[in-house]
1. Which residues, taken from segment 54-107, are at pLDDT below 80 and either at positive phi or of a type in the set (A, V, I, L, M, F, W, C) (or both)?
2. When segment 40-54 is examined, which residues are found to be buried (at least 19 other Cβ atoms within 10 Å of the Cβ), more than 9 Å from the chain's Cα centre (by Cα) and farther than 14 Å from Ala82 by Cα?
Amino acid sequence: MKPIDQISVQFMSRSVNEGFARGVVSAFLARADPTVEQLIDVKTAVSEAVTNAIVHGYPGHLGPVKLTLAFYETGLVKITVADKGCGIEDVQKAMQPLYTTGDPELRAGLGFAVMQNFTDKLAVHSKPGKGTRVVLYKQLGRRE
């Protein structure tokens, strides 16, 4: 299935760009006329994915983060957040709630749990030293 529309943007792993990513998602999805709840769900999941790339993908330095959004005729939205950072050694372990490689005083370790809760499907692909790609899927329903 091919998307009916798709965009990609790349930005540096600065924390201020998390807000930029949320804005890009809002603007792109506006044409689909999502409900407020659907838009909040997608923006929350993207916020977590981008924050993970910034904080964990590039600890102590900057690097590129690529955000790709694809919209399908069925109302499906596919969002990919990819970095070329340090990667994740054990994806299964990293996806467990409360697990964090960051400072536990500052990080709750709930990023992947939040992403799973606010999307219909989540896929995480990572290679240590090569980076991480998080793919989020959300089905937008039709308004009545």
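1. Taking segment 54-107 first, the residues at pLDDT below 80 are 89-107.
Answer for segment 54-107, where residues must be at pLDDT below 80 and either at positive phi or of a type in the set (A, V, I, L, M, F, W, C) (or both): Val91, Ala94, Met95, Leu98, Leu106.
2. Asp41
The values are calculated or read from the model by the stated rules, or taken from the named source; none is laboratory data. In this text the structure is predicted, and so the values were computed from the model without any measurement. Virtual Cβ from ideal backbone geometry, glycine too; neighbours counted across all protein chains shown.
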